[in-house]
């Protein structure tokens with residue numbers, strides 16, 4: 001006869017990834033001629049569940065190297081940008097308590113496009129974040145009752161070799177019908 005048991009455990013109850021695009025307009029003090037490079041560094045983020053939605057708060061530093069004064073001088077513009085993203089992840093509902101939010105940067109922020117517009121530099125920053133929700137859940141398993149899975153214990157006095165010797169029929173080849 002079978003019965004069911006429930007095991008309470010922690011498991012990933014919701015998982016997803018999402019790509020984000022930020023469009024930034026950064027003011028520069030000198031009128032730029034050429035953008036020589038753009039780096040995004042120091043990406044920090046954390047997440048919480050607020051009203052059944054994962055809220056990610058983060059920041060990163062953007063460094064734009066550009067030339068000015070007819071390409072005779074260069075300067076690096078440094079700014080820290082903050083962001084707040086709200087994501088609906090499957091698995092979040094009111095009945096689940098004490099979820100843990102794990103956020104991973106699957107593709108760190110990087111500049112995909114930078115353009116000069118007068119005394120501003122417009123940048124497009126792309127990033128991909130992965131979200132996992134870990135919470136308590138139940139697993140139901142089928143158990144079997146009255147299964148005899150006990151192994152016979154051989155006494156210390158009787159070794160396996162003695163038992164084999166006792167069970168071997170030495171006359172088997174002479175009398176194969178026995």
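Determine whether the stretch 117-132 contains at least one residue that is part of a strand (DSSP E or B) and either modelled with pLDDT under 85 or exposed (fewer than 13 other Cβ atoms within 10 Å of the Cβ) (or both).
Looking through the stretch 117-132, at least one residue is part of a strand (DSSP E or B) and either modelled with pLDDT under 85 or exposed (fewer than 13 other Cβ atoms within 10 Å of the Cβ) (or both).
Applying the selection to the stretch 34-79, what residues are more than 30 Å from residue 12 (Cα to Cα), loosely packed, with under 15 Cβ neighbours inside 10 Å and free of Cβ contacts under 8 Å to residues at least 24 places away in the same chain?
Correct list: 72, 76, 78.
With closer than 28 Å to residue 18 by Cβ, part of a strand (DSSP E or B) and either at pLDDT below 95 or over 24 Å from the mean Cα position of the chain (by Cα) (or both) as the only criterion, which of 59, 105 stands out?
Just a single option satisfies the conditions, and that option is 105.
The values are calculated or read from the model by the stated rules, or taken from the named source; none is laboratory data. This one's a predicted model, so the numbers in the text were calculated from it and none came from an experiment. Neighbour counts are summed over all protein chains in view; Cβ atoms, including those assigned to glycine, are modelled from backbone coordinates with ideal geometry.
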